[in-house]
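Peer 1: The structure's right below; bear with me while I get my questions together.
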């Protein structure tokens, strides 16, 4: 698949956009007219810059409102196109996107429309340029691709073909399969979008996403485009309020990753298979000297014990049954922060090729002699994802320490249930794409949770083939503007007996996040709970949820260790598959009142 | 009008919300259940806090899904209500909002629904509580207020009445006049909203605004509520993503201002008339020692001369014809910033009462002996608005300086055309309400302008009775996150001969903001411009726009003085009334490339 991106998808000036696209590895760009009009670079300068950078200018766009019922105004359109053809030629480009008209004087008659487009194609052809006609979803008369292609067929001009754009097809709920029957597809634009119930125009202008970040079935769209025999570049045209303000270099990487991932979903096997993590190996908490005692006290109260010390020191392994927490004291900045996720995969090195193709090259920490080399990825938010196998065994890097003399508290953990990674405001969708494309997880439903300082959005990522669950969350802008994160990262341990775990934790001096009595009153009103059971939850500060099939979820939160890190323990009963999203507002409010351990 | 606000309209914890509402001066609050459930304060504690603060708890809300086709589940609903009635009584409240059901098992038969609501009203009545039934716009069967009121009438229970909510009525496009015929209005909620084409539920949950900030005709709604004989509190229920994260104290002031303004629009004359500014008296630029030379050079190049010095020094008056710029050197922080607007009004002291009622008390700068005391307001963004009359004459505070010897350049100004004030991210709607409610200006259409670092929103505020025009703009979040404002404030001088003004400016050493050649090429393609005219624009860096009736707009921008301040000169021809919004992207991109003087 040849790859392209419209300059409107990236923030910055035109040269910044071109450099970002080239650096990420795109083959080509579409030049969005306003990016050129607002640039001090003349078209010929843009042409040489693109040539120097090794990106082709595949398309110039858009040419709007190409037809008019008034002959004088139609003549003005031809004049306008001729002037634009000069620009296109100077750019070294040979294709112009022509959108179906949206104005009141648009031509309704297909024959007349075809004749006007044909006249424009004459002028284009004379300049060595072709026109790709696109049906805008909100076009005055031509608003679906079949209609657009009929007009192109009527015009029957070698310099006039069709541009298909996934947004304009799928936002209308159109069946994309008919694209396979189109004869003259000159260009293909793709964009994803969340499935929002709103007018198509503002949905298109503000909320488009890169493939894999939204709700469109783009693989099906793309298969139809391939079936039509199209072999030109597949080009991302993503109007998005957040990408408009994000670092264009990072956006371009995200964008190209989305296209490579789309190619693999379109033709499965294009990339090596995603390495499905078999289980959690560990989670790693980075703690400064100041934060370390609180982390160690918390783990101790939860019955974890320090069972290993890294050969090179400053990194301890804490365990209780299948729960393993690595405490890394090499960080100077963070009081305590979830810094790394260890995942067990078979043949970890097998993922190297897929990850590289998805612009997530493997990285390696410096290893000492004899230490296990753990292939790792760095997620967009900076969290390391380390891939652990049994050979070499990562645990061999830790020198066992003698078993502590004290007795572990009652109850036990069955493993790590999930982790949550907080994201920067504009990084939520990029991080989601990383988890789905590279790690092969599936994105779940978005929750919007009212917190005292604004809405928090949260989305789980899970796999039917793996117990690894990773939630992403992101606070409102103010959370950053006020200089503190609204949401922290956290790890949730799983147990089959939460009451016992909590009793052990409290007996060992652990401190629970205070849960309001009003919450348990409300619980009693909402659910038909046994009074004794409700009382046992209330006494321990345990939160509760129930799904429609009777599955139950019990959650307990320890007081936060830092603004960035806290620990939860959960008990799932009867196949409950959620994350207690309805309780998150209670947890966030409680953390606001009692922010962290002092 | 008694005033109330739902706690969900304000950010923070429940005590913070109550304190903010009380401090602003609200008579009452609605307690939004999740705010109580997430609070460590027990209902009785909330009751005493509210009593201490002097705000009444007028309503507890919401009680959802009150009916069910399944008798066992309907019995559960009664149990749920009884538990909530305990809470409501502890709160010292006697009214509960009951929403029409949205679930699949909602009762479709009105008689059965009335019977179930009546049974609930029996329980409420026994607890000394009344129920206000509200038709949610997205209710399963009951979704309009007439239907809701019919069910209430069928139930015919003294403890059951209707709650009307402007959003649920007006978002559906319903005619609110029928509210006048309702017999039992127990409660009234009001919210405004921008007229968005999207599903009602997310529109309601994210985009509500305070009255006067959106597009609903709330005065008409409110007149119908008054005609129904309702004399209870008018309560703001505003779900808004930005207000959820804004300072609750400021939001509460904004909110109460919106209600007072609504009362005046509902019954004109409730407040003293808005003082329509007759004209600009001056604009004031605050400059530090470091920024002063650039400001003075710029004004000089535009032909302004220092014609007065303030009696107490450090403040100069620069003039050219009717354009007056006060340069205030007393600011240490700002290189150069638009700090104050001087407006000519008749009888400036007449506005004191209206402003005070609208929570914008007059402020006075310290004045020296014999100086004019200029009554002023401070806009939400900190800009001073000073009201100048001829007696006392503000200009008398400036000691005239001898006329400069040099000759002013050709052409001249006809006055100040408009100013633009940049707003903080969450302050756009509050500032708009200030301009409309307090200054009596009318909000124009919102423009969304793509800039290199994100979308900029801009809205003009004008009056048919005044030449004063004030635009507000606000950049994307990143503009602040990256530590610099994306949009600056500016003043636009008006002229009848822009070419002459620009030639004079350039001849005097002024520096134009560089306008890309591509822009003028595009201009030639878009408009049928005389080539010589187009060339004259290109040579001078003048931007151009034309409206549908042939009115023309010429704009010239000097290089920015600072990131916060720049100067424009405009020429309006043939009744052009806009602001060249289509050119703003060009200006913003040019300012990005050449941000400011040296």
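The values are calculated or read from the model by the stated rules, or taken from the named source; none is laboratory data. None of these values were measured; they are calculated from a predicted model. Please note: Cβ atoms are built from the backbone with ideal geometry, for glycine as well, and neighbour counts cover all protein chains shown.
Peer 1: Based on what the data block shows, is residue B:506 in contact with a helix residue (DSSP H, G or I) (Cβ under 7 Å, 6 or more places away or on another chain), at pLDDT 95 or above and either within 14 Å of chain A (Cβ to nearest Cβ) or part of a helix (DSSP H, G or I) (or both)?
Peer 2: For residue B:506, the condition - in contact with a helix residue (DSSP H, G or I) (Cβ under 7 Å, 6 or more places away or on another chain), at pLDDT 95 or above and either within 14 Å of chain A (Cβ to nearest Cβ) or part of a helix (DSSP H, G or I) (or both) - is not met.
Peer 1: Going through the stretch A:242-256 one residue at a time, which ones are over 13 Å from the mean Cα position of the chain (by Cα), surrounded by 20 or more Cβ atoms within 10 Å (Cβ to Cβ) and within 12 Å of chain B (Cβ to nearest Cβ)?
Peer 2: If the condition is that a residue be over 13 Å from the mean Cα position of the chain (by Cα), surrounded by 20 or more Cβ atoms within 10 Å (Cβ to Cβ) and within 12 Å of chain B (Cβ to nearest Cβ), then A:244, A:245, A:246, A:248 are the ones that fit.
Peer 1: Here are some conditions: (1) over 25 Å from residue B:177 (Cα atoms); (2) surrounded by fewer than 21 Cβ atoms within 10 Å (Cβ to Cβ); (3) in contact (Cβ under 8 Å) with a residue 24 or more places away in the chain. Residue B:202 meets all but one. Which one does it not meet?
Peer 2: (3)
Peer 1: What number of residues within the stretch B:4-24 satisfy the criterion of being more than 14 Å from chain A (Cβ to nearest Cβ) and surrounded by fewer than 20 Cβ atoms within 10 Å (Cβ to Cβ)?
Peer 2: Residues that pass the stated criteria total 2.
Peer 1: Restricting attention to the stretch B:257-264, does a residue exist that is farther than 30 Å from residue B:181 by Cβ, more than 14 Å from chain A (Cβ to nearest Cβ) and buried (at least 18 other Cβ atoms within 10 Å of the Cβ)?
Peer 2: yes
Peer 1: Among the residues of the stretch A:205-220, is any assigned to a helix (DSSP H, G or I), over 23 Å from residue A:446 (Cα atoms) and either more than 14 Å from chain B (Cβ to nearest Cβ) or within 20 Å of the chain's Cα centre (by Cα) (or both)?
Peer 2: Within the stretch A:205-220, one or more residues are assigned to a helix (DSSP H, G or I), over 23 Å from residue A:446 (Cα atoms) and either more than 14 Å from chain B (Cβ to nearest Cβ) or within 20 Å of the chain's Cα centre (by Cα) (or both).
Peer 1: From the list A:325, A:283, A:309, A:295, pick out the single residue that is over 25 Å from residue A:440 (Cα atoms), touching a residue at least 24 places away in the same chain (Cβ under 8 Å) and in a strand (DSSP E or B).
Peer 2: A:309
Peer 1: So, one more: Looking at residue B:111, is it surrounded by fewer than 18 Cβ atoms within 10 Å (Cβ to Cβ), assigned by TED's automatic domain parsing to the domain that holds residue B:36, in contact (Cβ under 8 Å) with a residue 12 or more places away in the chain and part of a helix (DSSP H, G or I)?
Peer 2: Yes: the conditions hold for residue B:111.
Peer 1: Residues being away from chain A (no Cβ under 14 Å) and touching a helix residue (DSSP H, G or I) at 6+ places or on another chain (Cβ under 8 Å): count how many of those fall in the stretch B:154-200.
Peer 2: Residues meeting the conditions: 31.
Peer 1: Something else: Against the conditions (1) buried (at least 24 other Cβ atoms within 10 Å of the Cβ); (2) within 14 Å of another protein chain (Cβ to nearest Cβ); (3) part of a loop (DSSP other than H, G, I, E, B), where does residue A:31 fall short? Just the number, please.
Peer 2: So residue A:31 meets the others, but not (3).
Peer 1: Only one of B:11, B:22 is over 19 Å from residue A:518 (Cβ atoms), in the same structural domain as residue B:257 (by TED's automatic domain parsing) and in contact with a strand residue (DSSP E or B) (Cβ under 8 Å, 6 or more places away or on another chain). Can you tell me which?
Peer 2: B:11
Peer 1: Scan the stretch A:482-490 and give yes if some residue there is surrounded by fewer than 19 Cβ atoms within 10 Å (Cβ to Cβ) and out of contact with any helix residue (DSSP H, G or I) (no Cβ under 9 Å at 6 or more places or on another chain), otherwise no.
Peer 2: yes
Peer 1: Something else about it: Which one of B:557, B:553 is in a strand (DSSP E or B), free of Cβ contacts under 8 Å to residues at least 40 places away in the same chain and more than 13 Å from every other protein chain (Cβ to nearest Cβ)?
Peer 2: Among B:557, B:553, only B:553 is in a strand (DSSP E or B), free of Cβ contacts under 8 Å to residues at least 40 places away in the same chain and more than 13 Å from every other protein chain (Cβ to nearest Cβ).
Peer 1: In the stretch B:217-229, is there at least one residue being assigned by TED's automatic domain parsing to the domain that holds residue B:157, farther than 25 Å from residue B:96 by Cβ and out of contact with any helix residue (DSSP H, G or I) (no Cβ under 7 Å at 6 or more places or on another chain)?
Peer 2: Yes: the stretch B:217-229 contains one or more residues that are assigned by TED's automatic domain parsing to the domain that holds residue B:157, farther than 25 Å from residue B:96 by Cβ and out of contact with any helix residue (DSSP H, G or I) (no Cβ under 7 Å at 6 or more places or on another chain).
Peer 1: Continuing with this model, one more query. Quick check on the stretch A:71-83. Is at least one of its residues closer than 28 Å to residue A:160 by Cβ, buried (at least 22 other Cβ atoms within 10 Å of the Cβ) and touching a residue at least 24 places away in the same chain (Cβ under 8 Å)?
Peer 2: yes
Peer 1: Would you please name the residue that is nearest to the other protein chains (Cβ to nearest Cβ), looking only at residues in the stretch B:517-547 that are part of a loop (DSSP other than H, G, I, E, B) and out of contact with any helix residue (DSSP H, G or I) (no Cβ under 7 Å at 6 or more places or on another chain)?
Peer 2: Ranking the candidates gives B:527 first.
Peer 1: Among the residues of the stretch B:34-47, which ones are within 10 Å of chain A (Cβ to nearest Cβ), in a helix (DSSP H, G or I) and in contact (Cβ under 8 Å) with a residue 24 or more places away in the chain?
Peer 2: Of everything in the stretch B:34-47, those that are within 10 Å of chain A (Cβ to nearest Cβ), in a helix (DSSP H, G or I) and in contact (Cβ under 8 Å) with a residue 24 or more places away in the chain turn out to be B:34, B:35, B:36, B:43, B:46.
Peer 1: In the stretch A:125-143, what count of residues is obtained for those that are over 16 Å from residue A:65 (Cα atoms) and either buried (at least 24 other Cβ atoms within 10 Å of the Cβ) or in contact with a helix residue (DSSP H, G or I) (Cβ under 9 Å, 6 or more places away or on another chain) (or both)?
Peer 2: Within the stretch A:125-143, residues that are over 16 Å from residue A:65 (Cα atoms) and either buried (at least 24 other Cβ atoms within 10 Å of the Cβ) or in contact with a helix residue (DSSP H, G or I) (Cβ under 9 Å, 6 or more places away or on another chain) (or both) number 5.
Peer 1: Also, quick follow-up: Which ones in the stretch A:165-187 are buried (at least 21 other Cβ atoms within 10 Å of the Cβ) and modelled with pLDDT under 95?
Peer 2: none
Peer 1: Please find, within the stretch B:88-98, the residue that is nearest to the other protein chains (Cβ to nearest Cβ) out of those that are farther than 18 Å from residue B:5 by Cβ and surrounded by fewer than 23 Cβ atoms within 10 Å (Cβ to Cβ).
Peer 2: Top of the filtered list is B:90.
Peer 1: Looking at the stretch A:121-138, is at least one residue in contact (Cβ under 8 Å) with a residue 40 or more places away in the chain, within 14 Å of chain B (Cβ to nearest Cβ) and under 21 Å from residue A:169 (Cα atoms)?
Peer 2: Yes, the conditions are met somewhere in the stretch A:121-138.
Peer 1: Restricting attention to the stretch B:442-469, which residues are in a strand (DSSP E or B), touching a residue at least 40 places away in the same chain (Cβ under 8 Å) and within 11 Å of chain A (Cβ to nearest Cβ)?
Peer 2: Those that are in a strand (DSSP E or B), touching a residue at least 40 places away in the same chain (Cβ under 8 Å) and within 11 Å of chain A (Cβ to nearest Cβ): B:449, B:450, B:451, B:456.
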